[in-house]
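**Student:** Can you read through this structure? Questions will come right after.
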Amino acid sequence: MEKRIAVLAGDGIGSEVIKQAIKVLDAVSHRFKHTFTYDFALVGAAAIDETGDPLPEETIEACRLADAVLFGAIGDPKYDDDPKAKVRPEQGLLKLRKSLGLYANIRPVQLFESLIDRSPLREDRISGTDLVVYRELTGGIYFGNKGRSEDGKSAFDHCDYTVEEITRIATMAFEAAGRRRKKLTLVDKANVLETSRLWRETVQKLAEKYPEIEVEYLFVDNAAMQVIQRPNQFDVILTENMFGDIISDETSVITGSIGLLPSASVGEQTSLFEPIHGSYPQAAGKDIANPVATILSVAMLLESLEMFDEAKRVRSTVNKVIEKGLVTPDLNPEDFISCSKVGDIIALLIESDLDDDTSFENLFEGKLPLI
Ligand code: IPM
Ligand code: MG
């Protein structure tokens, strides 16, 4: 198959992890005889530096023309420290989500058995965790009216939701629960917020159509506690934009590193795939970032193109490499390899037929000119 992929590396470690993801895509294309064409485009602080705009029109166009978008990371401390900045890198990502109608952000959290001791949480608490967060992505407080009073002494961010906005992502989450363990948890703050009451009402109505799904309702403060105390009770977590932003960072802790978690943003137009971590500016240029989240985002991207065997090959290779302890410093500060080495190894293993363990061991005894 021939596919066009828009590649938006963005800021900080974005370009380093994206490089590894491209190696993986190239390896997949060789092995499975596909042609991937990459369309590199600017976003974030990198785009501001070059064009003054965090999301230039050409970038939106490249994404619209693509079969999928691969995204690195966004954000630069020079803007974080300046609350008066008029233009911010993050605006690029937010506008892109809105322009492509990416209303659902899907963040799966799966444990790697071999990394269970890297988690700050006790093994008996987390074992068996396999959940996915469906976060609404183009509404709520992120996109409501915002502003300051004339004297600058008060500010507001409105949170708005419509039944339609809630229904479309909730339907997606119910369908996902149907394919999984048939449990859906709505996370809201219905004891305080009117928008949350609308979420609850809409989800309750929709639940009638899915009698086989067990539906549970949790207030966000309680949910924040539960995902840490007993994450394995969850299957599909459905929530609005801001709560989803917070809960999904929190769930990433369970696995031991935020550098492991991929995401897909889907909706009306081209889907976008990105690691859930940010631009990690302290690590930029040091070749130490964990590329696994981006490589697993590639697996999700391949699935969206119905390349299921290809995605499986990526996932099983990642598992194998992690099992062998070939990881970046976030996962093992005492014994690690670089970001680009992880990318090289995964790409090589995807392409080669070194499937049995003996060949794999040989690879690391220097029989192949790799490390
Ligand atoms: C995320 C990020 C973004 C968000 C930022 C970079 C705007 O934290 O994708 O979770 O808040 O949605
Ligand atoms: Mg976030």
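**Student:** Inside region 258-362, counting only helices (runs of 4 or more DSSP H) that do not spill past its ends, which hold 3 or more residues that are within 16 Å of ligand 1 (Cβ to nearest atom)?
**Tutor:** Working: elements: 292-304, 308-323, 339-351, 357-362.
Of the helices (runs of 4 or more DSSP H) lying wholly inside region 258-362, those with at least 3 residues that are within 16 Å of ligand 1 (Cβ to nearest atom) span 292-304.
**Student:** Within region 84-107, can one find any residue that is away from ligand 1 (no atom under 15 Å from the Cβ), among the β-branched types (V, I, T), surrounded by 22 or more Cβ atoms within 10 Å (Cβ to Cβ) and modelled with pLDDT of 95 or more?
**Tutor:** The answer is no; no qualifying residue exists.
**Student:** Inside region 244-259, can you point out the residues that are open to solvent by less than 30 Å² (accessible area, probe 1.4 Å) and within 15 Å of ligand 2 (Cβ to nearest atom)? Write out each step before concluding.
**Tutor:** As a first pass, look at region 244-259 and keep what is open to solvent by less than 30 Å² (accessible area, probe 1.4 Å): 244, 247-248, 251-252, 254-257, 259.
The answer is G244, I247, S248, T251, S252, G259.
**Student:** Counting residues that are within 16 Å of ligand 2 (Cβ to nearest atom), which helices (runs of 4 or more DSSP H) fully inside region 43-109 reach at least 1? I'd like the intermediate steps shown before the answer.
**Tutor:** Numbers: elements: 45-51, 57-65, 77-80, 89-99.
Helices (runs of 4 or more DSSP H) meeting the threshold: 77-80, 89-99.
**Student:** Right, another one. I'm trying to understand the selection: among the residues of region 240-257, which are more than 9 Å from ligand 1 (Cβ to nearest atom) and among the acidic types (D, E)?
**Tutor:** Matches in region 240-257: E240, E250.
**Student:** What number of residues within region 145-162 satisfy the criterion of being under 26 Å from the mean Cα position of the chain (by Cα) and acidic (D, E)?
**Tutor:** Within region 145-162, the subset under 26 Å from the mean Cα position of the chain (by Cα) is 157-162.
Checking which are acidic (D, E) leaves us with 157, 160.
Qualifying residue count for the region: 2.
**Student:** Among the numbered criteria (1) open to solvent by less than 10 Å² (accessible area, probe 1.4 Å); (2) at pLDDT below 95; (3) not small (G, A, S); (4) not assigned by TED's automatic domain parsing to the domain that holds G128, which one does C339 miss?
**Tutor:** Going through the list (1) open to solvent by less than 10 Å² (accessible area, probe 1.4 Å); (2) at pLDDT below 95; (3) not small (G, A, S); (4) not assigned by TED's automatic domain parsing to the domain that holds G128, C339 breaks only (2).
**Student:** Among the residues in region 276-299, are any under 23 Å from D76 (Cβ atoms), of a type in the set (D, E) and open to solvent by 10 Å² or more (accessible area, probe 1.4 Å)?
**Tutor:** Initial filter on region 276-299 (under 23 Å from D76 (Cβ atoms)): 276-291, 293-294, 297.
If we keep only those that are of a type in the set (D, E) too, we end up with 287.
Filter once more, so that each one left must be open to solvent by 10 Å² or more (accessible area, probe 1.4 Å): 287.
Scanning region 276-299, I find at least one residue that is under 23 Å from D76 (Cβ atoms), of a type in the set (D, E) and open to solvent by 10 Å² or more (accessible area, probe 1.4 Å), so the answer is yes.
**Student:** Moving on to the next point. Filtering region 15-35 down to residues that are without any contact (Cβ under 8 Å) to a residue 60 or more places away in the chain and open to solvent by 20 Å² or more (accessible area, probe 1.4 Å), which residue is farthest from the chain's Cα centre (by Cα)?
**Tutor:** So, considering only residues that are without any contact (Cβ under 8 Å) to a residue 60 or more places away in the chain and open to solvent by 20 Å² or more (accessible area, probe 1.4 Å), the one farthest from the chain's Cα centre (by Cα) is K33.
**Student:** Can you pull out every residue in region 36-52 that is under 23 Å from V318 (Cα atoms) and open to solvent by less than 30 Å² (accessible area, probe 1.4 Å)?
**Tutor:** Applying the first criterion (under 23 Å from V318 (Cα atoms)) to region 36-52 yields 36, 38.
Passing the criteria: only F36.
The values are calculated or read from the model by the stated rules, or taken from the named source; none is laboratory data. All values derive from a computational prediction rather than experimental measurement. Here Cβ is always computed from backbone atoms with ideal geometry, including for glycine, and neighbour counts include all displayed protein chains. SASA here: full protein model, heavy atoms, side chains in, ligands and nucleic acids out. Shrake-Rupley method; radii C 1.70, N 1.55, O 1.52, S 1.80 Å.
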